[in-house]
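Single-structure report; data block below.
The values are calculated or read from the model by the stated rules, or taken from the named source; none is laboratory data. These numbers come from a predicted model, not from an experiment. Glycine also receives a Cβ, built like all others from the backbone with ideal geometry; neighbour counts cover every protein chain displayed. When the accessible area is computed, the model is the full protein with side chains, heavy atoms only, and any ligands, DNA or RNA have been set aside. Shrake-Rupley method; radii C 1.70, N 1.55, O 1.52, S 1.80 Å.
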Amino acid sequence: FLSLSLSLSLSSSFLFSLFLSLLIFSVSDIISTVEFNHTGELLATGDKGGRVVIFQREPEGKTEPFSQGEYNVYSTFQSHEPEFDYLKSLEIEEKINKIRWLPQQNAAHFLLSTNDKTIKLWKVSERDKRPEGYNLKDEEGRIKDISTVTSLQVPVLMPMDLMVEVSPRRVFANAHTYHVNSISVNSDCETYLSADDLRINLWHLGITDRSFNIVDIKPANMEDLTEVITAAEFHPFHCNLFVYSSSKGTLRLCDMREQALCDKHSKLFEEPEDPSARSFFSEIISSVSDVKFSHSGRYLLTRDYLTAKVWDLNMENKPLETYQVHDYLRSKLCSLYENDCIFDKFECAWNGSDSVIMTGAYNNFFRMFDRNTKRDVTLEASRESSKPRAVLKPRRVCAAGSKRRKDDISVDSLDFSKKILHTAWHPAENIIAIAATNNLYIFQDKLNSEMH
């Protein structure tokens with residue numbers, strides 16, 4: 001089923017499952033992160049306004065065979081507010097940079113959310129019963145006169161309408177001088193890391209007033225600074241291993257068993273640069289914007305400006321696979337530099353079996369690559385081309401000067417203001433979430449929906 005399903009998905013037989021759009025569009029509505037929980041039943045998004053919206057997957061309906069896979073709003077809350085650092089005269093944005101779910105331990109769900117400086121732990125729980133029959137309170141909650149209490153009764157729990165409660169449990173602050181770009185929960189379910197441009201800190205989920213610095217690349221003289229940390233992630237099941245990427249295009253695998261301060265890496269993954277291909281933009285486009293461990297823990301997926309690469313943990317000198325995401329933009333790097341698009345940070349994602357990878361592009365396009373068949377497809381997430389239950393058609397971009405076929409899109413007509421930066425893949429099924437500016441698209445593979 002899985003291989004057949006993936007074959008269908010890369011033939012672009014993705015069924016549009018749900019499209020959610022905010023009615024009033026403003027900068028604060030732009031989605032800045034998307035994340036499924038470990039079961040895929042919940043999907044969280046964060047935006048530039050500091051809000052977190054949680055969607056819950058609908059259970060399969062007997063009367064509606066296509067309801068499986070649809071996500072509806074479960075809860076919405078304000079995670080961060082704008083702040084001002086008076087010592088540095090610096091405004092701290094409320095934008096949610098990352099959301100990470102903790103593995104579920106009981107009926108409640110927990111997630112971490114962070115802006116540039118402060119990380120918060122949230123508890124999401126349900127309540128469908130309320131206590132009644134207090135001895136010292138009346139029905140409206142007011143304290144009774146003790147002299148009027150003549151008998152004792154046992155309070156009982158009565159059914160009530162389902163209420164989703166979100167409450168802050170921990171606030172982890174004052175540990176980062178620079179902007180937080182990554183958080184990652186460890187497989188021990190007790191610790192997590194947070195990374196900014198120059199440092200990575202290790203936290204215990206129960207301790208908020210201190211953290212341990214495990215990577216520090218800040219030079220004694222800032223004029224000697226040559227690279228910054230761009231992303232970091234823990235290994236999926238080895239709690240001592242983590243990886244971080246840099247603006248120079250390198251990956252460093254660190255083992256916390258070797259030493260407390262992991263300034264010396266265990267492995268360095270770096271691809272030798274071709275001197276003949278070097279240009280003014282080489283260093284910019286080689287900067288790694290995202291790194292993800294595969295579910296198996298054997299591979300690393302990275303994304304730079306033009307390519308997605310798969311690395312084997314046992315091979316450091318070059319990537320195992322390299323996929324061209326939008327190579328047709330090489331001739332446009334000068335104009336992309338002038339409009340700052342060359343600094344866009346695209347994310348990447350694995351499917352549940354690590355056989356397909358996904359990442360975003362411009363013009364609301366996103367790309368999928370099948371690692372087994374080496375086939376790829378370009379799909380579009382837009383209101384104009386997507387209607388509920390419609391099958392997405394593959395798109396093709398025609399490079400400048402090449403012969404153009406029917407339905408091809410010229411590279412000169414691409415809209416660089418429409419970009420897919422944030423994507424997420426359901427951990428077990430072929431359901432993907434795509435954030436396009438202020439719109440969230442959820443696509444489900446057609447075979448998957450027909451089997452339910």
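Quick look at the numbers
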quantity	calculated
Residue match in segment 415-429 (condition: modelled with pLDDT under 90, more than 16 Å from the chain's Cα centre (by Cα), surrounded by fewer than 18 Cβ atoms within 10 Å (Cβ to Cβ) and of a type in the set (Gly, Ala, Ser))	no
Residue check, Lys248 within 25 Å of the chain's Cα centre (by Cα), more than 14 Å from Trp311 (Cβ to Cβ) and open to solvent by 40 Å² or more (accessible area, probe 1.4 Å)	yes
Test: Lys406 is on the phi < 0 side of the Ramachandran plot, touching a residue at least 40 places away in the same chain (Cβ under 8 Å) and either open to solvent by 30 Å² or more (accessible area, probe 1.4 Å) or not polar (S, T, N, Q) (or both)	no
Which numbered condition Tyr299 misses (of (1) under 25 Å from Ser182 (Cβ atoms); (2) at pLDDT below 95)	(2)
Subset of segment 188-207 [closer than 17 Å to Asp263 by Cβ, part of a loop (DSSP other than H, G, I, E, B) and aliphatic (A, V, I, L, M)]	Leu198
Selection within segment 136-176 - touching a residue at least 12 places away in the same chain (Cβ under 8 Å), over 43 Å from the mean Cα position of the chain (by Cα) and open to solvent by 70 Å² or more (accessible area, probe 1.4 Å)	Leu136, Leu152, Gln153, Val154
Single condition Leu268 does not satisfy, out of (1) over 16 Å from Tyr299 (Cα atoms); (2) out of contact with any His (no Cβ under 9 Å at 6 or more places or on another chain); (3) open to solvent by 50 Å² or more (accessible area, probe 1.4 Å); (4) at pLDDT 95 or above	(1)
Conditions (1) part of a loop (DSSP other than H, G, I, E, B); (2) under 20 Å from Glu283 (Cβ atoms); (3) open to solvent by less than 10 Å² (accessible area, probe 1.4 Å): number failed by Pro319	(3)
Selection from segment 358-388 of residues that are modelled with pLDDT under 85 and surrounded by 12 or more Cβ atoms within 10 Å (Cβ to Cβ)	Ser382, Arg383, Ser385, Ser386
Condition met for Lys123 (free of Cβ contacts under 8 Å to residues at least 40 places away in the same chain and open to solvent by 50 Å² or more (accessible area, probe 1.4 Å))	no
Segment 216-236, subset more than 21 Å from Asn97 (Cβ to Cβ) and of a type in the set (Asp, Glu), residue least open to solvent (accessible area, probe 1.4 Å)	Asp224
Residue list for segment 322-339, restricted to those being at pLDDT 95 or above and assigned to a loop (DSSP other than H, G, I, E, B)	Val325
Complete set of residues in segment 272-300 that are surrounded by fewer than 16 Cβ atoms within 10 Å (Cβ to Cβ) and assigned to a loop (DSSP other than H, G, I, E, B)	Pro272, Glu273, Asp274, Arg278, Ser279, Phe280, Ser296, Gly297, Arg298
Members of segment 142-182 found to be modelled with pLDDT of 90 or more and of a type in the set (D, E, K, R), listed by number	Glu165, Arg169, Arg170
Ser113 being closer than 23 Å to Lys48 by Cβ, in contact with a Gly (Cβ under 7 Å, 6 or more places away or on another chain) and either surrounded by 12 or more Cβ atoms within 10 Å (Cβ to Cβ) or without any contact (Cβ under 8 Å) to a residue 40 or more places away in the chain (or both)	yes
Count of residues meeting criterion [open to solvent by less than 10 Å² (accessible area, probe 1.4 Å) and either modelled with pLDDT of 85 or more or in contact with a helix residue (DSSP H, G or I) (Cβ under 9 Å, 6 or more places away or on another chain) (or both)] in segment 1-14	3
Residue check for Asn213: surrounded by fewer than 16 Cβ atoms within 10 Å (Cβ to Cβ) and either in contact (Cβ under 8 Å) with a residue 40 or more places away in the chain or in contact with a helix residue (DSSP H, G or I) (Cβ under 7 Å, 6 or more places away or on another chain) (or both)	yes
Unmet criterion (only one of (1) open to solvent by less than 50 Å² (accessible area, probe 1.4 Å); (2) farther than 20 Å from Lys309 by Cα) for Asp263	(1)
Test: Phe66 is of a type in the set (Phe, Trp, Tyr), modelled with pLDDT under 95, assigned to a strand (DSSP E or B) and open to solvent by 10 Å² or more (accessible area, probe 1.4 Å)	no
